[in-house]
């Protein structure tokens, strides 16, 4: 809902500002999706995230095989055990599986949280300042997201300049997890 409202406000600002362009309002466009895809720091951050998630998945696959083996062993022991003892072992096994699943969910959540924190850090300490600087250098009064704009005039897109400035200033940011 907030994104739709923000997009509507920005779009309205774009059209209102375009009408006022003759009064000196110059509007530039930045493609945030392209910055997220092409900036070296974002490529590095996404690789870190993918590597951490792949590591978790590898661990999960190995643990699942262990659980399947343990489950098969329990099935084979069922006829040889007293019913109460078997039920107790099954309950213990199920508790172990649930505990592991919860632990895995926490690891994934930690990666996601670290990723969001890194993005916030990047936005706060680099991107906002760089967008403002590049926009000012190009003579723009307002920079809007390309996903909410319809450009009529060429030369408004400063995305490549932003990526170049960002790449010059920071190439990596650490994805911290707990």
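The values are calculated or read from the model by the stated rules, or taken from the named source; none is laboratory data. Nothing here was measured: the structure is a model prediction, and the numbers come from that model. With ideal geometry, Cβ positions are generated from the backbone for all residues, glycine too; neighbour counts draw on all protein chains shown.
So that you can scan it fast, the table gives a plain yes or no per residue for (1) in contact with a helix residue (DSSP H, G or I) (Cβ under 7 Å, 6 or more places away or on another chain); (2) part of a helix (DSSP H, G or I); (3) closer than 30 Å to residue 37 by Cβ:
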{"residue": "60", "(1), (2), (3)": "yes, yes, yes"}
{"residue": "66", "(1), (2), (3)": "no, yes, no"}
{"residue": "70", "(1), (2), (3)": "yes, yes, no"}
{"residue": "89", "(1), (2), (3)": "yes, yes, no"}
{"residue": "95", "(1), (2), (3)": "no, yes, no"}
{"residue": "103", "(1), (2), (3)": "no, yes, no"}
{"residue": "109", "(1), (2), (3)": "no, yes, yes"}
{"residue": "119", "(1), (2), (3)": "no, yes, yes"}
{"residue": "122", "(1), (2), (3)": "yes, yes, yes"}
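For the stretch 149-169, residues that are buried (at least 18 other Cβ atoms within 10 Å of the Cβ) and either assigned to a loop (DSSP other than H, G, I, E, B) or modelled with pLDDT under 90 (or both) total 3. Checking the stretch 127-140 against the condition returns a match, with at least one residue being touching a residue at least 12 places away in the same chain (Cβ under 8 Å), within 23 Å of residue 49 (Cα to Cα) and surrounded by 12 or more Cβ atoms within 10 Å (Cβ to Cβ). Sort out which residues of the stretch 78-93 are within 30 Å of residue 56 (Cβ to Cβ) and exposed (fewer than 12 other Cβ atoms within 10 Å of the Cβ), and write them in order of number. 91, 92 - these are the residues of the stretch 78-93 that are within 30 Å of residue 56 (Cβ to Cβ) and exposed (fewer than 12 other Cβ atoms within 10 Å of the Cβ). Just one residue in the set 47, 34, 113 is at pLDDT 95 or above, in contact with a helix residue (DSSP H, G or I) (Cβ under 6 Å, 6 or more places away or on another chain) and closer than 30 Å to residue 160 by Cα; that residue is 34.
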